[in-house]
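K.L.:
Structure below; questions to follow.
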Amino acid sequence: MIAAVQRVLNADVKIDGKVYSSIGKGLLVLLGIKKGDTENEADYIAKKLTDLRIFNDENEKMNLSIKDIQGEIMLISQFTLCADTKKSGNRPSFSDAEDPERAEFLYEKTKSELINLYSPEKIKCGVFAAMMEISLVNSGPVTILIEKSFNE
């Protein structure tokens with residue numbers, strides 16, 4: 001499982017040109033689910049997201065978590081994070097991406113775990129497998145990649 005985590009001032013997701021959900025200060029998380037990922041990876045990613053200290057404290061050091069600042073999290077599924085570009089040619093392979101049914105289950109598991117660890121009101125999402133337009137204002141910019149596989 002791989003998560004591209006962006007510290008944002010705000011973000012929104014549009015579906016069919018209409019705002020589906022939005023957040024203020026917090027984390028925009030693009031989540032890619034790979035073949036072989038399990039509920040263990042979903043739990044790990046959710047815990048890491050709620051505890052990750054990437055917000056500035058009073059001394060301008062990245063020392064505060066999303067919980068410390070009472071920020072929001074927007075979770076978006078993004079299978080393209082699983083792209084393999086190592087082979088010759090210029091077209092990425094998505095053979096490492098999990099099958100949609102299993103990926104949706106693990107996406108929902110990650111969302112549920114975020115709600116359990118943090119707050120239902122603070123977790124916003126897109127729609128699994130929908131064509132979405134994401135707008136954000138990256139703060140910093142700060143972008144962190146979290147990758148975990150218990151199968152390796």
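The values are calculated or read from the model by the stated rules, or taken from the named source; none is laboratory data. Note that the structure is predicted; figures quoted are calculated from it, not measured. Methodologically, a virtual Cβ is constructed for each residue, glycine included, from the backbone with ideal geometry; neighbour enumeration extends over all protein chains shown.
K.L.:
For residues that are in contact with a helix residue (DSSP H, G or I) (Cβ under 9 Å, 6 or more places away or on another chain) and within 16 Å of residue 118 (Cα to Cα), tally how many sit in region 56-93.
P.N.:
The number of residues fulfilling the criteria is 8.
K.L.:
Here is a follow-up. Against the definition (in contact (Cβ under 8 Å) with a residue 24 or more places away in the chain, part of a strand (DSSP E or B), closer than 18 Å to residue 31 by Cα and out of contact with any Cys (no Cβ under 9 Å at 6 or more places or on another chain)), how does residue 135 come out, yes or no?
P.N.:
It is true that residue 135 is in contact (Cβ under 8 Å) with a residue 24 or more places away in the chain, part of a strand (DSSP E or B), closer than 18 Å to residue 31 by Cα and out of contact with any Cys (no Cβ under 9 Å at 6 or more places or on another chain).
K.L.:
Restricting attention to region 89-97, does a residue exist that is buried (at least 16 other Cβ atoms within 10 Å of the Cβ) and out of contact with any Pro (no Cβ under 6 Å at 6 or more places or on another chain)?
P.N.:
Yes, there is a match, as at least one residue in region 89-97 is buried (at least 16 other Cβ atoms within 10 Å of the Cβ) and out of contact with any Pro (no Cβ under 6 Å at 6 or more places or on another chain).
K.L.:
Would you please name the residue that is farthest from the chain's Cα centre (by Cα), looking only at residues in region 86-128 that are part of a helix (DSSP H, G or I) and of a type in the set (Ser, Thr, Tyr)?
P.N.:
112
K.L.:
List every residue pair whose Cβ atoms lie under 9 Å apart, where the two residues are 6 or more positions apart in sequence or sit on different chains, the first residue falls within region 72-83 and is on the phi < 0 side of the Ramachandran plot and part of a strand (DSSP E or B), and the second residue, located anywhere, is at pLDDT 95 or above and among the aromatic types (Phe, Trp, Tyr).
P.N.:
73/118; 75/107; 77/107; 77/128
K.L.:
Restricting to region 7-38, what's the tally of residues that are of a type in the set (Asp, Glu) and over 24 Å from residue 142 (Cα atoms)?
P.N.:
Counting residues in region 7-38 that are of a type in the set (Asp, Glu) and over 24 Å from residue 142 (Cα atoms) gives 2.
K.L.:
Which one of these does residue 37 not meet: (1) assigned to a strand (DSSP E or B); (2) touching an Asp or Glu at 6+ places or on another chain (Cβ under 7 Å); (3) more than 16 Å from residue 119 (Cα to Cα)?
P.N.:
Failed condition: (1).
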